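Visitor: Structure provided below as structure tokens; questions to follow.
Coordinate-derived values only; no laboratory data. What you see is a predicted model; the values in this text were computed from it and never measured. Note that we place each Cβ from the backbone using ideal geometry, even for glycine, and neighbour counts take in every protein chain shown.
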Amino acid sequence: MPVILAIESSCDETSAAVCANGMILSNVIANQTIHEAYGGVVPELASRVHQQNIVPAVQQALSRAKVSKNDIEAVAFTRGPGLLGSLLVGVSFAKAFALAKGIPLIEINHMQAHVLAHFIGDQKPSFPFLCLTVSGGHTQIVLVKDHFDMEVVGQTLDDAAGEAMDKTSKILGLPYPGGPLIDKYARLGNAGAYRFPEPQIPGLDFSFSGLKTAILYFVRDNVAKNPEFIRENLNDICASVEKRIATILLNKLSKAANLYGIKDVALAGGVSANTGLRVALQNLCKERGWNCFIPKMEYCTDNAAMIAIAGYYKFLKGDFTSQDVAPLARMPI
Ligand code: KG4
Ligand code: ZN
């Protein structure tokens, strides 16, 4: 019954979790609000705040799980992909903890962990399944053949879906991070009010840069005619943009499911917290008779519980990492 401490520090969330025998006992997430003033994550500030947050986050995770440092049998940590300075804090902490306690280290790929968040709890997808992983840095359709046998069958050629959400919110003059605000205003708006273009990209790949430019010109032209345009139509703009992003994502997911004959489909990553996307996927699954897997809100955005569950499956395989491991800004699945 391995008791695993997990650390996540790939971007701007410092998170620590404890799991025992694959059950999550605690999941502490310290958000970094300092970036709001800059309209995006400032890497240098992120790593400094991780340094301040990491020890209290781990202490809280241990105390909420009611386990002591001496009960921990392995340390799982995010090796990449992510911001190098941010990753370095988590990797260094994990290495020091494992060295001090004489226990194994387990490196985890952050994007695999988003997918493996579906193995927290009782309702688990069956292999092979498709996972649409949509975050601030990635947009991927992943064919998941086993816990660590994953193939990216479609991905974005430019911006990620979360980036499209965040950039839209910036165009609309909303603060960072924009995704949750687009979600909030979209709930009050009419998704059919404005029609934004769907990019015509062959195969299973995505592109969001053309949509971003279309939104930018649409807003600029309308504001030139009516300076109050954004304020008067914010809810409808957010609802229409959100609907278009969800349609782009789900059309490709449908295509992939047909191509691979898959019936279990899952959503993962920060954008999977989006209400419109969650509802649209649930409806699509009902229509097609697919089994739908959507993570709990706390496991959508970056969190260490998903690192812990991934660590648990690696522990069972005896797949450990040496002390000379270094973080990787880029780390393919
Ligand atoms: O997975 P994540 O927490 O971090 C990365 O690994 O990138 O994803 C963050 C992204 C951001 O772009 C954020 O705006 C978006 O997820 N996001 C949302 C929502 N919550 C977070 N986008 C739309 N609706 C939401 N409710
Ligand atoms: Zn993430």
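Visitor: Mean separation of Cα pairs under 8 Å and 6+ residues apart, divided by the residue count of the range 124-294: what relative contact order is that in percent?
Guide: 29 percent
Visitor: To continue, here is another question. Considering Cα pairs under 8 angstrom that are at least six residues apart, work out the relative contact order of the range 3-113 and quote it in whole percent.
Guide: Rounded, it is 32 percent for the range 3-113.
Visitor: Suppose the chain between Asp71 and Arg187 were pulled fully straight at 0.36 nm per residue; how much longer would it get relative to their current alpha carbon spacing?
Guide: The Asp71-Arg187 span can extend by a further 37.2 nm.
Visitor: Given contacts defined as C-alpha pairs under 8 Å and at least six residues apart, what's the relative contact order of the chain, whole-number percent?
Guide: After rounding, I find 25 percent.
Visitor: Out of the trypsin sites (Lys or Arg not before Pro) in the range 40-126, which ones are loop residues according to DSSP with at most 14 other C-beta atoms within 10 Å?
Guide: For trypsin sites (Lys or Arg not before Pro) across the range 40-126 that sit outside H, G, I, E and B with at most 14 neighbouring Cβ atoms in 10 Å, the list reads Lys66.
Visitor: Only Lys, Arg, Asp and Glu count, each charged at its Cβ (+1, +1, -1, -1), so figure out the dipole size of the range 124-294 about its Cα centre, rounded to 20 debye.
Guide: 360 debye
Visitor: Spin-label point model (7 Å from Cα, Cβ direction): what's the Glu232 to Val279 distance in nm?
Guide: 2.6 nm
Visitor: Would you work out which of Thr133, Ile230, Thr156 lies farthest towards the positive end of the dipole of the range 124-294, given +1 charges on the beta-carbon of Lys and Arg and -1 on that of Asp and Glu, about the Cα centre?
Guide: Farthest towards the positive pole: Ile230.
Visitor: On full extension of the chain, what length is gained from Gln60 through Glu298, given 0.36 nm per residue of separation minus the C-alpha to C-alpha distance?
Guide: That pair, Gln60 and Glu298, stretches by 84.0 nm at full extension.
Visitor: How big is the shadow of the Cα convex hull of the range 124-294, averaged over all directions, in nm²?
Guide: Answer in nm², one decimal: 9.5.
Visitor: Using a 7 Å offset from the Cα along the Cα-to-Cβ direction at both Gln51 and Arg330, what is the distance between the two label points in nm, to one decimal?
Guide: 2.8 nm
Visitor: Subtract the Cα-Cα distance of Leu316 and Asn21 from 0.36 nm times their separation in residues, and report this length gain in nm to one decimal.
Guide: Result: 105.2 nm gained on full extension.
Visitor: Using the alpha-carbon centroid of each, what span in Å lies between the range 226-257 and the range 71-86?
Guide: That distance is 35 Å.
Visitor: Specify the angular offset, from 0 to 90 degrees and rounded to the nearest 10, of the alpha carbon long axis of helix 161-171 from the longest principal axis of the alpha carbons in the chain.
Guide: Value to nearest ten degrees: 50.
Visitor: Tally Lys and Arg at +1 and Asp and Glu at -1 over the other residues with C-beta under 14 Å from the C-beta of Gly40: what net charge comes out?
Guide: -4
Visitor: Check the chain for me: any Cys whose beta-carbon has no other cysteine beta-carbon within less than 4.7 Å?
Guide: Cys11, Cys19, Cys131, Cys238, Cys300
Visitor: Any idea which of Ile106, Val142, Ala46 is furthest toward the positive side of the dipole for the range 3-160, if Lys and Arg beta-carbons carry +1 and Asp and Glu beta-carbons -1?
Guide: Projecting each Cα onto the dipole axis, the largest value belongs to Ile106.
Visitor: I would also like to ask the following. What number comes out for the charge environment of Ala304, summing +1 per Lys or Arg and -1 per Asp or Glu over other residues with Cβ under 10 Å away?
Guide: -3
Visitor: Suppose each label sits 7 Å from its Cα in the direction of the beta carbon; what would the Asn222-Asn31 distance come out to in nanometres?
Guide: In this crude spin-label approximation the distance works out to 2.7 nm.
Visitor: Treat every Asp and Glu Cβ in the chain as -1 and every Lys and Arg Cβ as +1, leave all other atoms uncharged, and give the resulting dipole magnitude about the Cα centre to the nearest 20 debye.
Guide: That gives a dipole near 380 debye.
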